[in-house]
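A.B. asks: My structure is below; once you've seen it, I'll send some questions.
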Amino acid sequence: MIISEEQVRRAVEYLQTAESDTPSGVSRPGETVETELLAKVRDVLSLTPDLRVDRIEHAKALLAGSGPSGAEVADKIIGREISDSLR
């Protein structure tokens with residue numbers, strides 16, 4: 001899964017915040033998530049297609065062209081590492 005800039009920003013915010021402060025929408029490890037919320041998320045995900053044609057077409061266009069820049073690749077790698085550090 002590709003991490004968005006917003007998700008990276010929130011992960012950085014989470015990592016920099018004191019234990020008593022929780023950024024909105026982010027749960028701390030060990031906190032429970034409501035069963036209703038989990039059910040809603042599962043329902044929405046079940047409606048999501050396995051293949052996103054728009055992403056496939058975008059990837060094909062990138063492969064036909066010059067591809068992403070080194071800076072774009074580096075941003076995604078760093079963002080993924082920051083986000084994964086929350087697990």
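The values are calculated or read from the model by the stated rules, or taken from the named source; none is laboratory data. The structure displayed is predicted, hence computed values, not measured ones. Every residue, glycine as well, gets a Cβ built from its backbone with ideal geometry; the counts of neighbours run over all protein chains shown.
A.B. asks: Condition first: loosely packed, with under 11 Cβ neighbours inside 10 Å, at pLDDT 85 or above, out of contact with any strand residue (DSSP E or B) (no Cβ under 9 Å at 6 or more places or on another chain) and small (Gly, Ala, Ser). Can you find one or more residues in region 73-86 that meet it?
C.D. replies: no
A.B. asks: Filter region 1-15 down to the residues that are at pLDDT 80 or above and exposed (fewer than 11 other Cβ atoms within 10 Å of the Cβ), then identify the one that is nearest to Ile56 (Cα to Cα).
C.D. replies: Looking at residues that are at pLDDT 80 or above and exposed (fewer than 11 other Cβ atoms within 10 Å of the Cβ), I get Glu5.
A.B. asks: Could you check, for region 17-40, whether at least one of its residues is surrounded by 11 or more Cβ atoms within 10 Å (Cβ to Cβ) and at pLDDT 85 or above?
C.D. replies: yes
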